[in-house]
Amino acid sequence: MSADSAAAPLTLPNQGSGRRNMLERVVAAATFLLIVAFAATIDGFATTGNLGIILINSASLTVLSCGMAVVIISRGLDLSLIAQMVAGATIFGMLISGGVAAPLALLAAYLSMVAIGALNAWLIAYVEIPSMLATLASSMFIVGLFRFAVLRGEYLLLLPKSDPTVAFFAGRLLPFLPVPVALMLGTLMATWFLLNRTVAGRIIYAMGDNFQAARLSGLSVRVTAIVVYVFAAFTAITAGLIMASASGAVDFRTVTNGTLLFEVILVVVLGGIPLRGGRGGLRNIIVGVALIAVLRNGMTLMNVTTQTQDMLKGLILLAAIITDNYLNPRDAETDTAGDL
Amino acid sequence: MSTQPVIQLENATKTYGGIAALAGATFDLLPGEIHALVGENGAGKSTLCKLIAGVITPSEGHLRVDGEVVAFAAPKDASRRGISMVYQETSLVPQLTVAQNIVLGREAAFNSVRKVRNAARQVLQRLNFKVDPSQLAGSLSAAKRQMVEIARAVVNEARVIILDEPTAALTPEETDHLFDLMRSLKRSGVAMIFISHALEEALNHADRISVLRNGRMIQTGPASSFTRASLIRHMIGEDLAEQAPARPAANTRSTAVPVLQVENIRMGAMVNNMSFSIFPGEVTGIAGLIGSGRSEVAKVIMGHTKRNFSGGRIWLDGREVRYTLPAQAVADGIAYVSEDRKLDGFFETMGVAENIGLGWLAKFGRRSILAPRHRMRALADDWEKRLSIRRIGANQPVLHLSGGNQQKVVIAKSLSQEPRLVIFDEPTRGVDVGAIAEIRQIIRSIANNGAGVILISSYLPEILDLSDRILVAKSGTIAAEFSRADATAERILHAAVH
Ligand SMILES: Nc1ncnc2c1ncn2[C@@H]1O[C@H](COP(=O)(O)OP(=O)(O)OP(=O)(O)O)[C@@H](O)[C@H]1O
Ligand SMILES: [Mg+2]
């Protein structure tokens, strides 16, 4: 019965039992319709210039979503992602303002975020605190610490825009390739590689699919948790550098007002990665980001206020989930508890 | 009495991706009848039942209820017509209490917590089930979960109850109790279909038996017209030589050094003071009632659950070990085959190959960064052949395999780790006669090749056939030990109960 598979290497379908594929398709179709509608009604939407803007503007969101997606596939949640992002950027900003050489500042920023990622993983995998609580705690701690000890109660840290490293992150790698877009592509590729080609990637899916089974079969769930949360920390600091260099400031209100974190979770869930984990992959991230990026761009061009945009995003999330449930009613036997 | 069947399935075909799980099967169920459905793993038994229960719809053919053609879109349509199904894999909501689970879907009728609990208590009492209605479903043993599901069907006033392998997780007494209950439901006019791999159950308790093979209905007839041998012949299409697996001529305990030694293990309320030794080259059977702490001690040995503070000591090859994670036990060559494959056995979204490959990876991929995909695939193909695992497509998720094939995947996943000590926890649950013979051969050959084997089983004939030495567990301790020569079913049962 298995002759068909004699020589082929293991292909790894993690799209689950079909349920989530539908959401991905619904969202992809909605994105397509949205693009058509915007192109028809908004002047200057369907131009290469605007495409470039969409890409640059969604770079940090995409990078963060990669980190969050990996965490969620392993059946975790990282609520400290945005706090790590601003904290990492703050370290970098303080150091270069203080005259430290750029490579050293970058190294310090990355290393301290790796430490925070590892700390999250230690709390979750060794102390066995639920990921939501552990990362919530570390998020609050990070923000408090940085605002108190580093910013002395301020919300904002201005970066020297003239600094060559800051200018580099805001500039172009090649004439047609802005640095943020290059970093976004690099992160997407790294995510694909991690999930599909490495041992850790296989274990990430196994943990999300059935954590007890993964643990009991002897998979190294603890080491893998470290990989997961350190990877998330990497995406956080990368996104932080992109965002801070583009705006010339690190703003702690991105953490405290919470919308960015929700947006990242929205991207992952809309793309079709269920919160119960074990399912989904790179395609889902791209689909989710595409919808949000196009929506954001189109609405900004139409001068829709951010409040209205937020409302719309909430409605879209509900609509997508309801459509998905309608297309794929749960069945009593195969439904797993804890499904979204 | 009318002889109008309650259920008629006519030329029903169900295909998945072009391959027929059920191929033109015809089946009928008379009112007040107990109808057994037997067949090999993957023969299409569960598929046939799910068609009747409205879980899936036939690709061809149709279903009649009381003679009238129906097309169920969802299980709730079937339950409106009085058809309830108790699934092979339990479908209770673990976070809800027993009472809430029982009235699930009918909450409107019983809206307060107290009413819900009282209604549930009444049914449980009427059925003579000893289950506390306010307990969480997730904390129940397999046997009790089963009871709750039957109670749910009774509350739904089912006229037809379908039981998919109801006895797989039950002890002999619980099994007797279940069949008593089925007979009393039968007297009140309920028709029942049950699936079982224990052919004696079909022969002793059913009015009629139907045999499926490769999705086809091979034979239907009164139970008295079959024998065990004739059933097997219909099931597999040829005679099966059932014999106890070969073991070395003399008891060759080559060394006196045990591979595993546990002393005074204590863990919560389940395990108190277990001590025993396991020798290489031997199968050590651990008999006992459900809840006697056997699986729990296995999980302590693996490092999956924590023993109590100062809760005993464990030696592997004479070296004291204390695992805090099963990964360490696996690295040392211990493997555990879980008793509840859906709960902590397999990865449901993944295919056969990846499930087996992950087991291998846990032991041999610890130092690598890149997943050795060709290795994993080749290895999985090898195990698929050795255990004759039947699947439809190369990447068909394990969730969609038949129960018996899922079990084989879980076994292969552990054996791919080439362990020195294997703990089999109820290894033949839900596995067909042919595969039981294969799995027993495998267990025996692992021991014959020098590994230590612990066999936890509630099925005494299995323990007696395979073990070189038998331990009897009783409320968290080892109550007795028998050599193979002294062990009899009566003695083991006596030790397990008294
Ligand atoms: N959802 C599905 N998708 C694809 N194939 C399926 C699906 N459900 C069942 N099958 C296939 O249909 C065949 C029959 O399965 P079924 O579950 O009816 O077997 P069974 O007789 O109940 O076996 P067992 O005794 O092992 O439980 C199997 O080969 C199985 O892999
Ligand atoms: Mg079945």
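The figures follow:
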{"quantity": "Pairs of alpha carbons in the protein assembly as shown whose separation is greater than 46 Å (percent)", "calculated": "32 percent"}
{"quantity": "Distance in nm between pseudo-label sites at A:Asp43 and A:Met311 (7 Å out along the Cβ direction from Cα)", "calculated": "2.7 nm"}
{"quantity": "Where N is the number of residues in the range B:260-497, Cα Rg divided by 2.2 N^0.38 Å", "calculated": "0.99"}
{"quantity": "For the range B:338-351, Karplus couplings with θ = phi - 60° (6.51, -1.76, 1.60), whole Hz, Gly/Pro x", "calculated": "5, 7, 10, 5, 6, 6, 9, x, 10, 9, 6, 7, 9, x"}
{"quantity": "DSSP-defined antiparallel bridges as percent of all bridges, the protein assembly as shown, nearest 5", "calculated": "55 percent"}
{"quantity": "Separation of the B:Asp317 and B:Asp77 label points, Cα + 7 Å toward Cβ, nm", "calculated": "6.1 nm"}
{"quantity": "Placed amide H near B:Gly288: partners under 5 Å, 5+ positions off or other chain", "calculated": "B:Ala473"}
{"quantity": "Within the range B:124-143: backbone nitrogen closer than 19 Å to the A:Glu128 label point (7 Å, Cα to C-beta)", "calculated": "B:138-140"}
{"quantity": "Karplus-derived 3J(HN,Hα), 6.51/-1.76/1.60, for each residue of the range A:279-289, Hz, glycine and proline x", "calculated": "10, x, x, 4, 3, 5, 4, 4, 4, x, 5"}
{"quantity": "Charge context of B:Gly32, other residues only, Cβ under 13 angstrom, K/R +1, D/E -1", "calculated": "+3"}
{"quantity": "Ranked B:His498, B:His205, criterion: other C-beta atoms within 10 Å, fewest first", "calculated": "B:His498, B:His205"}
{"quantity": "Selected from A:Leu261, A:Leu23, A:Leu133 as most flexible by GNM, with chain A as the system and alpha-carbon contacts under 10 Å", "calculated": "A:Leu133"}
{"quantity": "The range B:7-236, Rg to Rh (Cα coordinates; Rh as Kirkwood inverse mean 1/r)", "calculated": "0.97"}
{"quantity": "Order of A:Ser60, A:Ser74, B:Ser230 under a 10 Å beta carbon neighbour criterion, fewest first", "calculated": "B:Ser230, A:Ser60, A:Ser74"}
{"quantity": "Whole-Hz couplings from phi, Karplus 6.51/-1.76/1.60, listed for the range A:79-88; x for Gly and Pro", "calculated": "7, 9, 4, 6, 4, 4, 4, 6, 5, x"}
{"quantity": "Calculated Rg and Dmax of chain A using C-alpha coordinates, Å", "calculated": "20.4, 68"}
{"quantity": "For chain B, convex hull of alpha carbons as volume per residue, Å³", "calculated": "161 Å³"}
{"quantity": "Placed amide H near B:Met85: partners under 5 Å, 5+ positions off or other chain", "calculated": "B:Ile162"}
{"quantity": "Debye-sum result for the range B:358-498 in log10 I(q)/I(0), which assumes one identical scatterer on each alpha carbon, at q = 0.16 Å⁻¹", "calculated": "-0.92"}
{"quantity": "Surrounding net charge for A:Pro130, when Lys and Arg each add one and Asp and Glu each subtract one, Cβ distance under 13 Å", "calculated": "-1"}
{"quantity": "Chain A - percent relative contact order, Cα under 8 Å, separation 6 or more", "calculated": "35 percent"}
{"quantity": "Three-way shape label, the range A:105-249, alpha-carbon gyration tensor, a/c 1.5", "calculated": "oblate"}
{"quantity": "Rounded to 10°, Cα long-axis angle of helix B:373-386 versus longest principal axis of chain B", "calculated": "70 degrees"}
{"quantity": "Separation of alpha-carbon centers, the range B:459-498 and the range B:359-429, rounded to whole Å", "calculated": "30 Å"}
{"quantity": "Ascending count of other beta-carbon atoms within 10 Å, so fewest first, for B:Lys144, B:Lys186, B:Lys413", "calculated": "B:Lys186, B:Lys144, B:Lys413"}
{"quantity": "In the range B:67-171, GluC sites (Glu not before Pro) in a DSSP loop with at most 15 other beta-carbon atoms within 10 Å", "calculated": "B:Glu157"}
{"quantity": "Per-residue [θ]222 nm for the protein assembly as shown (sum of -39500 (n - 2.57) over DSSP H runs n ≥ 4, rounded to 500)", "calculated": "-15000 deg cm²/dmol"}
{"quantity": "Amide H within-cut-off set for B:Ile7, under 5 Å, with H built and near neighbours excluded", "calculated": "B:Leu29, B:Asp66"}
{"quantity": "Distance violations [Cα-Cα > 27 Å] among B:Lys45/B:Lys186; B:Lys299/B:Lys363; B:Lys45/B:Lys413; B:Lys14/B:Lys342; B:Lys130/B:Lys306; B:Lys76/B:Lys115", "calculated": "B:Lys130/B:Lys306"}
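No value in this document is a laboratory result; all are computed from the given coordinates. Predicted, not measured: the structure shown is a model, and the values here were computed from it. Don't worry about glycine lacking a Cβ; one is built from the backbone with ideal geometry, like all the others, and counts go over all protein chains shown.
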